[in-house]
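Everything below concerns the one structure shown next.
The values are calculated or read from the model by the stated rules, or taken from the named source; none is laboratory data. Keep in mind it's a predicted model, so treat the numbers as computed, not measured. Cβ placement follows ideal geometry from the backbone for every residue including glycine, while neighbour counts extend to all protein chains displayed.
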Amino acid sequence: MSKSSGPISAVSVTARRISIRALLVSTLLTVLVLLLLITVLNYTFAARLTRALSVMEEETARASIALEVNKEAANVLAALAQGVVTNDAAYFTQIVKEAGQALSDAEGRLAESADALPPDDSLRIKLYGLATSSEDIYRLTILLPRRAEEGKWWEIEQFERSLIPYYGRLVTESADQVRAATVERRAIAVAEVGDIRYKMQVTPVAAGLLILVVAASAVFITIRSIARPVERLTDTVARLAAGRLEERVSVGGAAEFGHLATAFNEMADQLEISYTQLEHRVAERSRALERRAAYLEAAAEVSRAAASILETDRLMQRAVELIRERFDMHYVGLFLVDEGNEWAVLRAGSGEAGRAMLARGHRLKVGEGMIGWSIANAEARIASKAETDTVRLVIPELAATRSEAALPLRSRGRVLGALSVQDDQPDAFDQDAITALQTMTDQIAVALDNAQLLVASQTALEAERRAYGEASRQAWVELLRARTDWGYDYEHKSVTPAYGDWDPEMQRVVQQGASVQEAASLSLDREGNGDGEHTLFIPLKVRDQVIGALSFCKGAAGADPTRSRGSDTDPGQTIKPWTADEVALLETLTEQLGVALESARLYQDTQRRAARERLTSEVTARMRETLDMDTVLRTATDEIYRALGLEKIIVRLATGEANDESALGDTTTTAQRGRTLQEEVV
């Protein structure tokens, strides 16, 4: 190639760059114009769609309000009819006014909806018509309670027979007219929404196709201009990625590709240098990651053990064995502080040394040695070279130790003990190992603390359950002492009080606290069927305390239910024994009966307590109505007599001199009025 060809080539490349740039700019402008047009059209369609949806929502709301007014009017009419049946003025007034208030609230919302419409809108007229009809019914809720209070029930009945059905039909017809009008208007809005949605779907598709044609043309022209240099660059990159770091790229054509080739070659040089250095760093990092992975795996195993093992001794021994195995340590021991917070006692140890120290009850004073120092200061203490640590104590079983770490067991702001990790090599603990060990130590501490809290909670809960059960048992003893023959018998299709001695089987069930079946039959076949009856006895329990028993008797299939218990069955009739499902169902029902009885007893206790407090408050208030001492004494005696129905009350005031009759005052209220006490306040 001659030297004169250089400028010509440069000029052609410049011209080519300019044409590509103009093509890209014009394509971009065209796409922007089309996007702007789509945006404007979509905005217009969205505004129309919003208006149409708003109309749909308004019409739906109006229809809902009309239905609500119709419903509340029906409720008012139903309340009127129900109140007439009771002939109770207070009840009639209450239910009618409640229904009338609900109708009034619905009429208010109906009026607001009607006011939002134009004055000449036909729907507004229909809404006002519905409001007028419901207003007539509302006026009845004001008029009829007055008649009820005056006792004019005959007049109310006349209203019920004449006007109420008429008003009901009037409101229903008005509501139907409003609903039909709203349905028609909503259908128009729905059609408009469908039209808008169709346009919103078609317009973007057409514009998108146009944009696609313009963009495809621009891309085709651009690819033809830059495809070859990019292909050569891509081939070189592929070879470089395959590991041939000596590859370099040589790209002709536009100046941009020349600059790109130079920069790429410089990058390849740096990459070749960095790759060599990276291989060494990756090897080092891989070893570090393997150690961290082992630490994390050990932490995970310790966490699983802490979550699955509830027995503390087994958990501690499992933890020390896992740590020794995963960290490849010489010895691992776990110490817990005693109740006096004076000694750290070895509770778990690995290997022969651990078993030997556990056998002799090894312990360290808090504050002495690395374990005692770690507990006292709530901090970890690391001895990379064990022989140089001044605090460390030498244990005969661990004479081979060259590095040691003591980590505190911390949970909820307190130190439970410490973990001792020892190795026979110096500098065995790096920062990652210490962090992982402390994490596992904290997990063990939380698990031990949770186990202690669980034991304490279970103990407290059991004590509370026993105390409450004993209180409930005493209450039932007092209650049943007053009613020794408390029970009922269902026989001959009637319920009667139970009298007489208890059935021996029922007494046995009360003593044993378990269900018993009794089969009384004349003859049984191989399947257990026979003539006679089967009786099931189930204890009645309240909080695990037996307070009674129930007896269930099942006669022969098809037998006359009016026959008395124990009578002979008809010939040919057989009886099936109690099935497991029947027994389970009856035991469940009996259990629910016990719960209901306990609830009723608690309710009665509460009522008695409330009545006693109310009586005390009333009597005290009467006594404090005056400051005159004589009036206070007389009021007190009279109120106590009235409240408790006593025969005689004596109140005496004295100066303290028992023999001085002149110093005694006497205020006596004696009641012999022959009143019969109708209520007892306990």
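Worth a mention:
- The set of residues in the stretch 139-172 that are buried (at least 16 other Cβ atoms within 10 Å of the Cβ) and under 15 Å from GLU72 (Cα atoms) comprises LEU140, THR141, ILE164, TYR167, GLY168, LEU170, VAL171.
- Candidates GLN422, GLN438, GLN443 - the one that is assigned by TED's automatic domain parsing to the domain that holds GLU342, part of a helix (DSSP H, G or I), in contact with a strand residue (DSSP E or B) (Cβ under 6 Å, 6 or more places away or on another chain) and under 30 Å from ALA344 (Cβ atoms): GLN438
- Annotation for the stretch 385-403: at least one member residue is buried (at least 22 other Cβ atoms within 10 Å of the Cβ) and either part of a strand (DSSP E or B) or without any contact (Cβ under 8 Å) to a residue 12 or more places away in the chain (or both).
- LEU593, sole failed condition from (1) crowded, with 16+ Cβ neighbours inside 10 Å; (2) part of a strand (DSSP E or B); (3) modelled with pLDDT of 85 or more: (2)
- The set of residues in the stretch 581-638 that are under 42 Å from the mean Cα position of the chain (by Cα) and among the basic types (Lys, Arg) comprises ARG601, ARG608, ARG609, ARG612, ARG614.
- Yes/no for ALA406 being of a type in the set (A, V, I, L, M) and either touching a His at 6+ places or on another chain (Cβ under 7 Å) or not in a helix (DSSP H, G or I) (or both): yes
- Extreme residue, surrounded by the fewest Cβ atoms within 10 Å (Cβ to Cβ), among residues of the stretch 125-135 that are under 17 Å from ASP176 (Cβ atoms) and in contact with a helix residue (DSSP H, G or I) (Cβ under 7 Å, 6 or more places away or on another chain): TYR128
- Here GLU587 meets the list (1) at pLDDT below 50; (2) not in a loop (DSSP other than H, G, I, E, B) almost entirely, failing just condition (1).
- Residue in the stretch 83-95 that is in the same structural domain as ALA189 (by TED's automatic domain parsing), more than 27 Å from GLY194 (Cβ to Cβ) and charged (D, E, K, R) present: yes
- Residues that are under 13 Å from ILE125 (Cα atoms) and among the aliphatic types (A, V, I, L, M) within the stretch 169-189 comprise ALA175, VAL178, ALA181, listed in sequence order.
Rundown of residues vs (1) exposed (fewer than 14 other Cβ atoms within 10 Å of the Cβ); (2) at pLDDT 80 or above; (3) of a type in the set (Phe, Trp, Tyr), yes/no style:
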| position | (1), (2), (3) |
| --- | --- |
| SER19 | yes, no, no |
| VAL31 | no, yes, no |
| LEU37 | yes, yes, no |
| VAL40 | yes, yes, no |
| ALA47 | yes, yes, no |
| GLU58 | no, no, no |
| ALA63 | no, no, no |
| ALA79 | no, no, no |
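- ALA294 being modelled with pLDDT under 80 and either within 30 Å of ALA46 (Cα to Cα) or within 51 Å of the chain's Cα centre (by Cα) (or both): yes
The rows are residues; the columns are (1) of a type in the set (Asp, Glu); (2) at pLDDT below 75; (3) surrounded by 11 or more Cβ atoms within 10 Å (Cβ to Cβ).
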residue	(1), (2), (3)
GLN431	no, no, no
ASP449	yes, no, yes
ALA463	no, no, no
GLU470	yes, yes, yes
ALA482	no, yes, no
GLU491	yes, no, yes
PRO497	no, no, no
MET506	no, no, yes
VAL510	no, no, yes
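- Pair list, Cβ < 8 Å and 6+ apart or interchain, from the stretch 593-606 residues that are outside the structural domain of VAL542 (by TED's automatic domain parsing) to residues that are part of a helix (DSSP H, G or I) and surrounded by 12 or more Cβ atoms within 10 Å (Cβ to Cβ): GLU598/SER472; ARG601/ALA475; ARG601/TRP476; ARG601/LEU479; ASP605/ALA475
- Matching option when the condition is part of a helix (DSSP H, G or I) and either outside the structural domain of VAL183 (by TED's automatic domain parsing) or aliphatic (A, V, I, L, M) (or both), among LEU117, LEU140: LEU140
- Checking each residue in the stretch 457-488 for being assigned to a helix (DSSP H, G or I) and either hydroxyl-bearing (Ser, Thr, Tyr) or assigned by TED's automatic domain parsing to the domain that holds GLU404 (or both) picks out SER457, THR459, TYR468, SER472.
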